[in-house]
Amino acid sequence: MSHWFIAGASRGIGLELARQLALRGARVTASVRSENGRAALQEALAPLGDRGQILIFDTRDAAQIHAAAAEVSEPIDALVANAGAYGPQRQSTLDMDFDGVLDLVNINTLGPLRVVQAFLPLLRQGERPRIAVMSSVLGSMALEGTFNVGYRLSKAGLNKIVQCLADDLKPEGVAVISMHPGWVRTDMGGPDAPVGVEESAAGIIGVVERLTLADTRRFVDYKGAEIDW
Ligand SMILES: NC(=O)c1ccc[n+]([C@@H]2O[C@H](COP(=O)([O-])OP(=O)(O)OC[C@H]3O[C@@H](n4cnc5c(N)ncnc54)[C@H](OP(=O)(O)O)[C@@H]3O)[C@@H](O)[C@H]2O)c1
C-alpha cells in the first residue's frame, strides 16, 4: 500500500482525505497546525494503529516544516499540499487589507512550496512519486469577476508555482498537478456548497492514485476534468 502525506488535515478536506485513506489501509502521515487540531485527526487515523503518523507545523514556518519532515523515516509516494486559508474580509481591488492578503499569500502561495521542498527527499525515494497541490478554480486567470481578489491572486500565484515545479521535477520522474476540490461544504466552502466533503475527498484520492508522469503540469478538478489555467 502507498504511503500518503497530507498537509493540513485538522478539518475539512484534509481530514476527510486522511480518514478515507486510513479506511483503505494506506499508510498515512498527516499534519496539523497545532496541538488543538490533533484530536480529530488522531481519531481518523485510529484504524491504522502505528502506521499513522501526525506531524505539527504551520506552513508559514520553514524551520517547523523541515523539523517535522525529519521525523518521517519512510519514503512518501503521494503528497497532497492541502492546507489553505480564505483570507481577510477586505480583499477587493478598491479596499484591501494588504497585511492580511500578504499573510494569505504566505499561506496559500508559498506554504505549499515550503512543504514540497521539505518532503522532496522522501518523495524522491517513493514509488511513482506524485504531488497534488490544492488550488482552486478561483485561481484560474480565465475566470472573470472581481470578487475575492486576495484569495484568487494567492491561488493564481500557486498555479504558476505548480507549473514551474512540474517542469523542474519532470526529469526526476515526480508528477505534479494543481487541483480544484470542487466547491465543498467545509468551514471554508460554507453550508451552501454543492459538493460534500466525502465526495470531494474520494474524487481527489482517485485522481492522485491514477496520476502518472503523463499527467504532470495539469490543472484538474476532483473528478479529473481539465480546468483552464
Ligand atoms: N472548500 C472549498 O469549497 C474549496 C474550494 C476550492 C479550493 N479549496 C482549497 O482546498 C483546501 C482545503 O480547504 P477546506 O475547505 O478543507 O478548508 P478548511 O476547512 O478551512 O480547512 C483548512 C485547513 O488548512 C489548515 N491551515 C490553514 N492555514 C494553515 C497554516 N498556516 N498552516 C498549516 N495549516 C493551515 C487548517 O488548519 P487549522 O484547523 O489549524 O486552521 C485546516 O486544516 C484549501 O487549500 C482551500 O483553499 C477549498
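The table below lists the values:
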quantity	calculated
Filter result for His66 (touching an Asp or Glu at 6+ places or on another chain (Cβ under 8 Å) and closer than 22 Å to Arg130 by Cβ)	no
Flag if Ile177 is closer than 18 Å to Phe5 by Cα, near the ligand (Cβ under 10 Å from one of its atoms) and modelled with pLDDT of 95 or more	no
Answer from Glu71, Glu43 - the residue that is of a type in the set (Asp, Glu), in contact (Cβ under 8 Å) with a residue 12 or more places away in the chain and farther than 20 Å from Met188 by Cα	Glu71
Matching residues, the stretch 119-153, being small (Gly, Ala, Ser), more than 13 Å from the ligand (Cβ to nearest atom) and touching a residue at least 12 places away in the same chain (Cβ under 8 Å)	Gly126, Ala142
Count of the stretch 11-36 residues which are touching a strand residue (DSSP E or B) at 6+ places or on another chain (Cβ under 8 Å) and surrounded by fewer than 21 Cβ atoms within 10 Å (Cβ to Cβ)	5
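Condition check ((1) touching a residue at least 40 places away in the same chain (Cβ under 8 Å); (2) within 14 Å of the ligand (Cβ to nearest atom); (3) assigned to a strand (DSSP E or B)) across all residues:
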{"site": "Trp4", "(1), (2), (3)": "yes, no, yes"}
{"site": "Ala9", "(1), (2), (3)": "yes, yes, no"}
{"site": "Arg19", "(1), (2), (3)": "yes, yes, no"}
{"site": "Pro75", "(1), (2), (3)": "yes, no, no"}
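The values are calculated or read from the model by the stated rules, or taken from the named source; none is laboratory data. These numbers were taken from a predicted model, which means no experiment stands behind them. Glycine gets a Cβ as well: all are built from the backbone with ideal geometry, and neighbour counts include every protein chain shown.
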